[in-house]
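Okay, structure first, notes after.
Please treat every number below as a calculation from the coordinates, not as lab data. Keep in mind the model is a prediction, meaning the values are calculated, not measured. Cβ placement follows ideal geometry from the backbone for every residue including glycine, while neighbour counts extend to all protein chains displayed.
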Amino acid sequence: MKDNVLSETFLLSNGLKIPKLGLGTWMIEDDKAAQAIENAVEIGYRHFDTAQGYENEEGVGEGIRFCGLKRQEVFVTTKLDASIKDFDGTQAAIADSLKRLGLDYIDLMIIHAPQPWTNFREDNRYFEGNLAAWRAMESAYKEGLIRAIGVSNFQQVDLENLLKNGDVKPMVNQILAHVSNTPFALIDYCQRHNILVEAYSPIGHGEMLKNNLVSEMASRYEVSIAQLCIRYCLQLDMLPLPKTANPAHMKSNAELNFEISEQDMKILKNVEHIKNYGEASIFPVYGGKLNKDGRYSPRDFFEE
């Protein structure tokens with residue numbers, strides 16, 4: 001095991017290297033995103049994850065452009081708005097993301113969800129719409145505007161649609177995955193098809209901090225609960241994306257020079273499934289509902 005996970009990479013199916021640990025930027029406001037990126041770069045992060053739905057691409061792009069690193073030294077992911085399910089709309093959205101980010105290319109672009117958030121996990125799988133969006137992303141990939149393409153929140157049936165009908169197979173599936181909520185069958189399917197699994201909310205949107213079993217195990221390893229949860233994802237060959245704007249947390253989340261024993265990994269794999277994500281439960285990925293406008297923006301939910 002290397003001393004610094006921030007210097008390690010996974011290899012995507014097209015040969016592109018992607019840093020093993022990324023910084024999620026969900027719920028970081030646009031005017032604070034640039035500083036968060038610059039702080040993370042100083043610590044050693046080189047992989048940053050944003051989305052059209054986060055409404056902070058401009059701030060993230062500013063942080064990338066002025067962080068002091070060459071463009072090729074930084075890996076930038078953004079996501080196609082979940083409501084866009086057509087070729088022309090996707091092409092326009094890719095151009096919009098490039099403009100907001102202020103970048104010549106995007107390292108990885110992914111479809112944020114197989115269904116619009118207002119219809120998340122309903123019967124309509126939007127196969128035709130996802131394939132149309134995918135073909136537009138394939139076109140941008142072939143043009144060099146995007147270096148890798150993938151998906152998020154896709155189940156096996158959604159992936160099969162693209163694998164059977166697309167020209168380029170998805171390189172990434174970014175999903176909710178953490179101790180007490182690890183979709184092993186989906187992870188196995190992705191890995192068998194050489195699709196890298198990225199784990200967002202690796203600390204369960206903070207709910208794992210309240211779990212006594214996980215807390216006791218972390219104490220035995222003399223690490224934080226967050227560190228234990230992030231290492232758990234890495235040992236399952238997933239790429240964790242902890243989100244924070246706090247430099248101290250950024251630093252701690254990357255201090256992962258320990259290994260969870262096989263016996264303890266078995267225990268963590270069988271932790272009782274989480275039932276409630278607290279205030280985050282209002283979001284569709286945690287089992288909740290969207291606001292009346294069908295938006296997926298944190299400011300629509302947490303106004304003071």
Exercise for the section: Would you mind calculating the relative contact order of segment 207-284 from Cα pairs under 8 angstrom and at least 6 residues apart, reporting the percent as a whole number? Expected result: 28 percent
Exercise for the section: Of the listed pairs K70/K210; K70/K251; K99/K164; K20/K169, which have alpha-carbon separations greater than 29 Å here? Expected result: K70/K210; K99/K164
Problem - Positive-end extreme of charge dipole, segment 5-288 - chosen from Q35, L196, G129 (charges on Cβ) - result: L196
Problem - Nearest-20 debye value, the chain charge dipole, Cβ charges on Lys, Arg, Asp, Glu - result: 520 debye
Fill in the blank from the handout: For the chain, averaging the sequence separation of alpha carbon pairs under 8 Å that lie six or more residues apart and dividing by its residue count, the contact order in percent is 19 percent
Exercise for the section: Mind checking which of T50, Y221, G278 is farthest towards the positive end of segment 5-288's charge dipole, using Cβ charges of +1 (Lys, Arg) and -1 (Asp, Glu) about the Cα centre? Expected result: Y221
Handout entry: Helix-derived mean residue ellipticity, 222 nm - over the chain, DSSP H n ≥ 4, -39500 (n - 2.57), to 500
Key = -11000 deg cm²/dmol
Fill in the blank from the handout: By the C-alpha gyration tensor axes a ≥ b ≥ c (rounded if a/c is under 1.5, else prolate when a/b exceeds b/c, else oblate), the shape of the chain is rounded
Problem - Neighbour-count ranking [beta-carbon atoms within 10 angstrom, fewest first] of K17, K169 - result: K17, K169
Practice task
May I ask for the distance between the Cα centers of segment 46-72 and segment 92-135, given as a whole number of Å?
Solution key: 18 Å
Exercise for the section: Please find the FRET efficiency linking A92 to R121, where r is the Cβ-Cβ separation and R0 is fixed at 30 Å, and quote it to the nearest 0.05. Expected result: 0.65
Exercise for the section: Take each of the peptides 270-282, 96-108, 118-130, average the number of other beta-carbon atoms within 10 Å over its residues, and list them starting from the highest. Expected result: 96-108, 118-130, 270-282
